Amino acid sequence: MARIADRDNIRFIISTGDNFYGRGVASTSDQQWADTYENVYTAPALMCPWYPVLGNHDHKGNAMAQVAYSQVSHRWSMPGPLYWLGEQLGDRARVDFFFLDTDLVVRENNREPDEDGDDDDTQMEWLEQALATSDARWKIIVGHHPIFSGGRHGSTPELVRLVQPLIERYAVNAYLNGHDHDLQHVVVNGTHYLTSGAGSKTRPTGKITGTHFSSSDLGFLRVNLTSIDMEITFLDASGKSLYAATVK
């Protein structure tokens, strides 16, 4: 990651959740911040902003401590469990990222208690309003759980029911996620569903309708956005390209 980040002069990093195993962090001073983040991603090229979402394992600990860590770290940036980020591209074009807490949606629809005082209705209302307001050329949603996946967890029915209609109504270009420990590119009704969950431990994966690529290799996703196209490249742990595609 550090070599690719340095070579490509990356602007920022997105973490697709389950940032800390196995039960999140207890506080902003939890030792895991040093052991699995600050003392691991030490290369100068990785000192750029990090924009994370919360995963189901993060909710097993103090999820709001990860939000609060934004006030401690110069690079960890999570203003809330859900947030909106705009980035300027060339030709005055813009990309808007919409970061969700998909664990709340899944738990709420399974009728599990929601200790954070939010629910899926509030989150979906926020997302629809944000998408309707955005006039960005590119719209990308980031969540932990996949909407469509050929991996072990598979597609997430709650997100298919609640999020996919908004994706199609507001012409969202891509959805980024983790949760399944693999790498995938799935296209459904013109939207690109990108799974990057193979940063630590992999599991066997498969294919579903719309699968363009699926791999159980350790690795990560590199995205290069311009005003007219989005280049996606899945790389293995050595930095070798496993698959590349261009989205217009």
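The values are calculated or read from the model by the stated rules, or taken from the named source; none is laboratory data. Everything quoted here is computed from the prediction, not taken from an experiment. Reconstructed Cβ throughout: ideal geometry from the backbone, glycine too, with neighbour counts over all protein chains shown. SASA here: full protein model, heavy atoms, side chains in, ligands and nucleic acids out. Shrake-Rupley method; radii C 1.70, N 1.55, O 1.52, S 1.80 Å.
Computed in the context of the full set of protein chains, the accessible area of the chain at 1.4 Å probe radius has 47% of its extent on carbon or sulfur. Only the Cβ atoms of Lys and Arg (+1) and of Asp and Glu (-1) were treated as charged; on that basis the dipole of the range 120-207 about its Cα centre amounts to roughly 440 debye. Rounded to the nearest 20, the Cβ-based charge dipole of the chain about its Cα centre (Lys and Arg +1, Asp and Glu -1) stands at 940 debye. Packing around the peptides 162-170, 17-25, taken as the average count of other Cβ atoms within 10 Å per residue, puts them in this order, highest first: 17-25, 162-170. Semi-axes of the equivalent ellipsoid of the chain are 23, 23, 19 Å, computed as sqrt(5λ) over the eigenvalues of the C-alpha gyration tensor in descending order.
The lysines within cross-link reach of K60, meaning a Cα-to-Cα straight distance under 25 Å and a gap of 8 or more places when in the same chain, are K201.
Taken along the Cα-to-beta-carbon direction at a fixed 7 Å, the label points for T246 and K207 span 2.4 nm. For A93, neighbours were defined as the other residues whose beta-carbon sits under 13 Å from its Cβ, and their charges (Lys and Arg +1, Asp and Glu -1) total -1. A cut-off of 5 Å between modelled amide H atoms, ignoring neighbours fewer than 5 places along the same chain, links Y243 with F234. Neighbours of L183 by Cβ distance under 14 Å: Lys/Arg scored +1, Asp/Glu scored -1, total +2. Between the listed residues S227, V67, W84, the Cα displaced farthest toward the positive end of the dipole of the chain, a dipole computed from Cβ unit charges relative to the Cα centre, is found at S227.
Normalised per residue, the accessible area of the range 142-248 is 41 Å², obtained with a 1.4 Å probe and no contribution from ligands, DNA or RNA.
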